[in-house]
Amino acid sequence: MKDGDMNFERLRALADPDHLPALKPEYAHLRPALGLGAMDPKPRVLLLYGSLRERSYSRLVIEESARLLQYFGCETRIFDPFDLPLPDQVTGDDHPAVAELRAHSLWSEAHVWCSPERHGQITGIMKTQIDHLPLAYKGLRPTQGRALAVMQVSAGSQSFNSVNTLRILGRWMRMFTIPNQSSVAKAYEEFDEVGRMKPSAYYDRIVDVIEELVRFTILLRPHSEQLVDRYSERKDRNEPVDTPVESAGLNAAPGSV
């Protein structure tokens with residue numbers, strides 16, 4: 001897969017993308033954003049997970065999310081951070097994994113982040129991916145104005161530490177984090193031997209989150225640039241606004257004309 005001249009080597013292939021054994025389709029809107037805006041082109045969603053284990057439950061949740069997103073009419077990319085360096089480890093972030101991650105984020109209209117909870121917080125690999133996404137990059141914004149869904153997996157009882165941290169990070173990255181979220185407790189009990197999620201209330205919540213993400217992505221799509229247009233940045237760029245009201249002098253103070 002290519003964007004321009006870049007070869008992508010860190011996208012995970014999604015096994016059985018059309019197989020949704022835990023979903024009851026009679027209860028699922030095939031187009032959850034119907035009536036909210038145009039679905040053409042397909043919404044573009046980047047998915048990030050926070051563990052490099054061979055059987056990574058955060059990755060398995062992300063893969064279930066990607067299948068649902070495709071079911072709902074979206075295009076997905078799952079980034080594999082297997083060789084992503086630490087921030088500032090490589091001078092100028094000159095590393096192909098960093099360049100690829102940023103290219104995928106620039107391509108996207110929405111993100112899904114899922115981290116394990118380790119020592120009560122998100123993992124280092126999750127934070128490293130987010131730290132490699134600057135607010136502005138070569139005049140572009142890899143995260144600003146995008147919708148975001150946050151999820152976590154836990155080895156023990158249900159917790160919300162990781163999703164709360166991901167919400168803080170999403171706000172800092174100037175993303176629009178949707179209200180719903182997913183926290184899967186005792187994740188090792190929720191997947192079968194081939195890594196597919198079993199039917200459960202946890203799975204149903206993931207469906208809820210993905211439906212909601214599609215809706216917010218479509219709602220934001222025509223307005224994303226305007227929503228991140230800021231006075232301070234226009235001032236720094238010396239770009240005066242020129243609206244019809246201002247051009248006509250209708251906003252002048254009384255008695256000044």
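Restricting to the stretch 118-257, compute how many DSSP beta bridges are antiparallel as a %, nearest 5.
Working: 3 of 8 bridges.
That works out to approximately 40 percent antiparallel.
With both partners inside the chain, how many of the DSSP beta bridges are antiparallel, as a percent to the nearest 5?
Numbers: 6 of 27 bridges.
Looking only at bridges with both residues in the chain, the antiparallel portion is about 20 percent.
If exposed means no more than 12 neighbouring beta carbons inside 10 Å and the site is in a DSSP loop, what's the longest run of the chain without any exposed trypsin sites (Lys or Arg not before Pro)? Don't jump to the answer; show the numbers that get you there.
Values: sites that count: Arg53, Arg55, Lys138, Arg230, Arg237.
In short, 139-229.
Which number comes out as Rg/Rh for the stretch 3-147 once both Rg and the Kirkwood Rh are worked out on C-alpha atoms?
Details: Rg = 16.0 Å, Rh = 16.4 Å.
Radius of gyration over Kirkwood radius for the stretch 3-147 works out to 0.98.
Starting at 0 and stepping by 10 Å, how many percent of the alpha carbon pairs of the stretch 65-120 end up in each bin?
19, 41, 31, 9, 0
For the stretch 133-233, take the alpha-carbon Rg, divide it by the Kirkwood Rh, and send me Rg/Rh.
Numbers: Rg = 16.3 Å, Rh = 15.3 Å.
Using only Cα positions, Rg/Rh for the stretch 133-233 is 1.06.
What aspartates and glutamates sit close enough to Lys24 to cross-link, taking a C-alpha to C-alpha distance under 20 Å and skipping anything fewer than 8 places away on the same chain?
Straight-distance partners of Lys24: Asp16, Glu63, Glu64, Glu190, Asp192, Asp204, Asp208, Glu211, Glu212.
Which residues' amide hydrogens lie under 5 Å from the amide hydrogen of Arg118, considering only partners 5 or more residues apart or on another chain, with H built in the peptide plane?
Thr123
Could you calculate the contour length gain from Glu189 to His119, that is, 0.36 nm times the residue separation minus the distance between their Cα atoms, to one decimal place in nm? Can you show the working numbers first?
Working: separation 70, 0.36 × 70 = 25.20 nm, distance 2.01 nm.
Additional length available on full extension: 23.2 nm.
Contour minus end-to-end for His29 and Lys138, with contour as 0.36 nm per residue of separation and end-to-end as the Cα-Cα distance?
Details: separation 109, 0.36 × 109 = 39.24 nm, distance 3.89 nm.
Working it through step by step, the gained length comes to 35.4 nm.
So what does log10 I(q)/I(0) come out to for the stretch 92-176 at q = 0.17, 0.22, 0.23, 0.26 Å⁻¹, using the Debye formula with one equal point on every Cα and no solvent?
With one equal scatterer per Cα and no solvent, log10 I(q)/I(0) is -0.69, -1.05, -1.11, -1.30.
Quantify, in whole percent, the carbon and sulfur part of the accessible surface of the stretch 16-146 (1.4 Å probe; protein heavy atoms only). Display every interim value, and only then the final one.
Values: 3030 of 5930 Å².
Of all accessible area on the stretch 16-146, carbon and sulfur atoms account for 51 percent.
So what J values fall out for the stretch 164-173 if you push phi through Karplus, 6.51 cos²θ - 1.76 cosθ + 1.60 with θ = phi - 60°, rounded to Hz, Gly and Pro as x?
Taking θ as phi minus 60°, the curve returns 5, 5, 4, 5, 4, 5, x, 5, 5, 7 Hz for the stretch 164-173.
Just flag the GluC sites (Glu not before Pro) in the stretch 105-204 sitting in loop per DSSP whose Cβ has no more than 12 other Cβ atoms within 10 Å.
Working: sites: Glu109, Glu117, Glu189, Glu190, Glu193; in loops: Glu109, Glu117, Glu190, Glu193.
Sparse-neighbourhood loop GluC sites (Glu not before Pro): Glu193.
How about the stretch 12-92: which GluC sites (Glu not before Pro) there lie in a loop by DSSP and see at most 13 other Cβ atoms within 10 Å?
Numbers: sites: Glu26, Glu54, Glu63, Glu64, Glu75; in loops: Glu54.
Here the GluC sites (Glu not before Pro) that fit, given the DSSP loop and packing criteria, are Glu54.
Counting only Cα atoms, I'd like the Rg/Rh figure for the chain, Kirkwood definition for Rh. Numbers along the way, then the final one.
On the way: Rg = 20.2 Å, Rh = 19.6 Å.
A ratio of 1.03.
Return one whole number: the accessible area per residue of the stretch 56-187 in Å², for a 1.4 Å probe. The partial results should precede the final answer.
Working: 4820 Å² over 132 residues.
On a per-residue basis, 37 Å².
Before rounding to the nearest 500, sum -39500 (n - 2.57) across all DSSP H runs of length at least 4 in the chain and divide by the residue total; then give [θ] at 222 nm in deg cm²/dmol. Walk me through the numbers on the way to the answer.
Working: 8 runs with 81 residues, N = 257.
My calculation for the chain gives -9500 deg cm²/dmol from helical runs alone.
Using the Cα centre as the reference, give the magnitude of the dipole from point charges on the C-beta atoms of the chain (Lys, Arg: +1; Asp, Glu: -1; all else neutral), rounded to the nearest 20 debye. Could the numbers behind the result be given before it?
Details: 31 positive and 35 negative charges, 86 e Å.
The dipole magnitude comes to about 420 debye.
The values are calculated or read from the model by the stated rules, or taken from the named source; none is laboratory data. Since this is a predicted model, take the numbers as computed values, not measurements. Note that each Cβ is placed from the backbone with ideal geometry, even for glycine, and that neighbours are counted across all protein chains shown. Side chains are part of the model used for accessible areas, which takes the heavy atoms of the whole protein and leaves out ligands, DNA and RNA. Shrake-Rupley method; radii C 1.70, N 1.55, O 1.52, S 1.80 Å.
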